[in-house]
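Read through the structure below, which is laid out as structure tokens, and then see the notes.
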Amino acid sequence: MLISMWSLKGGQGTSVTAALAAVRAAKDHSQTVRLVDLGRDQPAIFGTAEPSDSWLSRWTHSDLDAGALDRAQVELTPNLSLLPRGGGPLNPKRAGELVEWLKADGATTVVDVGTLRRGQAESFADSVHHKIIAESDQSIMVTRACYLALRRAVNPPVRPTGVVLVAEAGHVLTRSDCERFIETPVVASVAIDPDIARAVDSGMLLTRAPNQALGPLGVLAGDEQPRASDRARGVELD
């Protein structure tokens, strides 16, 4: 299963939510789980160093075969691995080959796509990010119940198959309001928790992720959802 997670505004918690989703999926020890980092924050979240070579970005500009991606993965647990992006842009010419590799072994793959921003349509339509989202079994938008975030979701560049709501006290907008804005069901809600922040700050999310944050995200690896589909154009990538 290929699960892409993305947001339309920075600061929504996409990277941490993607990390939590991968950790939750790996709780089922019969599953092989892979976390792909397009947002460049996952090594820091897990407190691991990025490999010195064979990063994903470098692979997309090389003639190395897909086996190099196997070697580039960082083992976090016996059934959870991390594929770091590294620095530099991603070459879209190898996007199709990358998606084939992500799906070939039957692993549950969570992709931290990062933030999509308004801009040139062509830069998104031809990107690695777009190819992954379009081919995902689940395309998950991560957002807070914040008006400034939700107003960008009225005409999104891609139609998500589901929404993960990052809930925090003090907002007037409700879960139902979010579903009406986005016209997509909220499949999980994760509360902002100081324990999550402490685990991330210490690079120990893998061992200190609160169960109350992991539990709601189990739905992502367990339920089938419609495939992602394009709705509108005009975004650029971080």
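Observations
- Among the candidates R58, R40, R24, residue that is within 15 Å of L214 (Cα to Cα) and charged (D, E, K, R): R24
- Given (1) acidic (D, E); (2) open to solvent by 70 Å² or more (accessible area, probe 1.4 Å); (3) under 20 Å from S139 (Cβ atoms), number of the condition D37 does not satisfy: (2)
- Each residue in region 14-57 was checked for being small (G, A, S) and modelled with pLDDT of 95 or more, and 7 of them qualify.
- Within region 129-155, considering residues that are out of contact with any strand residue (DSSP E or B) (no Cβ under 7 Å at 6 or more places or on another chain) and in a loop (DSSP other than H, G, I, E, B), the one surrounded by the most Cβ atoms within 10 Å (Cβ to Cβ): C146
- Search result, residues across region 6-29 that are assigned to a helix (DSSP H, G or I) and touching a Leu at 6+ places or on another chain (Cβ under 9 Å): V16, T17, A18, A19, L20, A21, A22, V23, R24, A25, A26
- Residue within region 176-193 that is open to solvent by 50 Å² or more (accessible area, probe 1.4 Å) and under 28 Å from K103 (Cα atoms) present: yes
- Within the span defined as region 36-49, one or more residues are touching a residue at least 12 places away in the same chain (Cβ under 8 Å) and either in contact with a Cys (Cβ under 8 Å, 6 or more places away or on another chain) or under 18 Å from D105 (Cα atoms) (or both).
- Residue in region 37-56 that is at positive phi and of a type in the set (S, T, N, Q) present: yes
- Of the strands (runs of 3 or more DSSP E) lying entirely inside region 30-127, those containing at least 3 residues that are β-branched (V, I, T) span 108-118.
- Residue within region 104-122 that is surrounded by fewer than 23 Cβ atoms within 10 Å (Cβ to Cβ), among the polar types (S, T, N, Q) and touching a Gly at 6+ places or on another chain (Cβ under 9 Å) present: yes
- Test set (1) touching a His at 6+ places or on another chain (Cβ under 6 Å); (2) at pLDDT 95 or above - A145 fails condition number: (2)
- Candidates are the residues of region 167-208 that are in a helix (DSSP H, G or I) and closer than 20 Å to R152 by Cβ; the one that is modelled with the lowest pLDDT is F181.
- Matching residues in region 65-103 - criterion: being among the acidic types (D, E) and either over 22 Å from T48 (Cβ atoms) or surrounded by 14 or more Cβ atoms within 10 Å (Cβ to Cβ) (or both): D65, E97, E100
- Extreme residue, nearest to G218 (Cα to Cα), among residues of region 156-172 that are out of contact with any Cys (no Cβ under 7 Å at 6 or more places or on another chain) and open to solvent by 30 Å² or more (accessible area, probe 1.4 Å): A167
The values are calculated or read from the model by the stated rules, or taken from the named source; none is laboratory data. Keep in mind it's a predicted model, so treat the numbers as computed, not measured. Counting neighbours? That spans all protein chains shown, and the Cβs are built from the backbone with ideal geometry, glycine included. Just so you know, the surface numbers come from the protein's heavy atoms only, side chains and all, with ligands and any DNA or RNA stripped out. Shrake-Rupley method; radii C 1.70, N 1.55, O 1.52, S 1.80 Å.
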